[in-house]
Amino acid sequence: MTTPPRTGALELMVGPTAHDLPAQLLAQEDIRVHPPAQRGSIAALVDSLPPGRIALVDGRYDDVPAVGHREILDALAAGWQVTGVGSIGALRAAELDGFGMSGYGRVFAHLLATAAPDDEVALLHGPAPDYRPISEALVDLRAFAEHLVHAGVVGQGHARAAINALAGRWFGDRSLPAFFDAIASAAGQGSAVAARTHLPQLPAIRWKSADLRTYLTERSWTLQPSLHRSCPRTAAAGPSSMTASTAGGC
């Protein structure tokens with residue numbers, strides 16, 4: 001549900017990326033929470049409010065057209081500050097790099113550096129208001145694999161092979177069981193068993209939610225905007241997903 005408008009509010013378009021984040025981060029006085037964006041969501045804000053700040057995080061597609069590049073460019077031209085974080089927001093920021101849209105976080109930096117496809121941030125999730133994730137975004141599985149390499153659980157080559165195997169699958173099939181199966185195939189069952197012991201650390205490892213958590217914690221929308229700010233100050237560093245009921249978002 002959209003919260004009541006507030007003067008000078010950050011218009012935050014968010015869904016599954018915020019799942020399990022502390023409620024107080026979304027309840028800050030100058031944040032107005034909107035559902036995941038779809039085509040026309042940003043245009044509607046531009047038409048109804050004076051220029052302000054938009055943080056585009058999550059978005060829908062499949063059952064509705066995805067949030068478009070043109071409406072973002074129109075918002076920028078109308079004087080809005082638009083920042084992409086975590087999911088389709090980071091994707092759109094990478095695609096519109098150099099056109100005035102800001103990108104924030106490690107997901108944005110990864111997409112900008114690699115030109116990874118849209119489904120890098122895609123996942124299946126449940127309906128509002130919880131938007132509970134059902135599958136895992138490939139970018140978050142990459143982060144988990146990188147963690148396992150640094151922890152000495154698997155080698156770099158084995159981690160790369162596992163991620164490549166998952167990259168070749170439909171995004172809805174990218175689950176934790178599929179991840180551990182890929183680790184077992186690449187590095188052996190013993191490595192998969194060892195990898196499972198790191199599951200308690202996964203919530204803090206997922207780049208998408210970590211980017212959003214840091215963005216909201218450090219209140220980055222109140223800082224001087226930087227078009228190429230790719231990582232949170234406090235961190236080391238398609239578009240979208242689809243719900244089980246056929247609505248998509250990321």
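Annotations for the structure displayed:
- Put simply, the convex hull of the Cα atoms in segment 1-113 casts, on average, a shadow of 7.0 nm².
- Leu199 paired with Gln24, simple spin-label distance in nm, labels 7 Å along Cα-to-beta-carbon: 3.0
- Cα gyration tensor, segment 155-224 - rounded (a/c under 1.5), prolate or oblate: prolate
- Cut-off under 5 Å, modelled amide H: who pairs with Ile134 long-range: Leu124, His125, Gly126
- Just so you know, the Cα atoms of segment 104-173 work out to an Rg and Dmax of 13.2, 40 Å.
- Taking label positions 7 Å along the Cα-Cβ direction at both Glu218 and Arg160, the computed distance is 3.0 nm, reported to one decimal.
- Normalised alpha carbon radius of gyration of the chain [divisor 2.2 N^0.38 Å]: 0.99
- Full-stretch length increase - Leu49, Gln189 - with 0.36 nm per residue and alpha-carbon distance subtracted: 44.8 nm
- Potential extension, Glu146-Ala115 segment - 0.36 nm per residue separation minus Cα distance: 9.3 nm
- Spin-label pair Ala78/Arg169, simplified geometry with 7 Å Cα→Cβ offset, distance in nm: 4.2
- In the full protein context, segment 31-171 carries 39 Å² of accessible surface per residue, based on a 1.4 Å probe and ignoring ligands, DNA and RNA.
- Apportionment of accessible area to carbon and sulfur, the chain, percent (1.4 Å): 55
- Full-extension gain in nm, His69 to Leu176, via 0.36 nm per residue minus C-alpha separation: 35.3 nm
The values are calculated or read from the model by the stated rules, or taken from the named source; none is laboratory data. Computed from a predicted structure; not experimentally measured. Methodologically, a virtual Cβ is constructed for each residue, glycine included, from the backbone with ideal geometry; neighbour enumeration extends over all protein chains shown. Note: areas computed on protein heavy atoms with side chains; ligands, DNA, RNA excluded. Shrake-Rupley method; radii C 1.70, N 1.55, O 1.52, S 1.80 Å.
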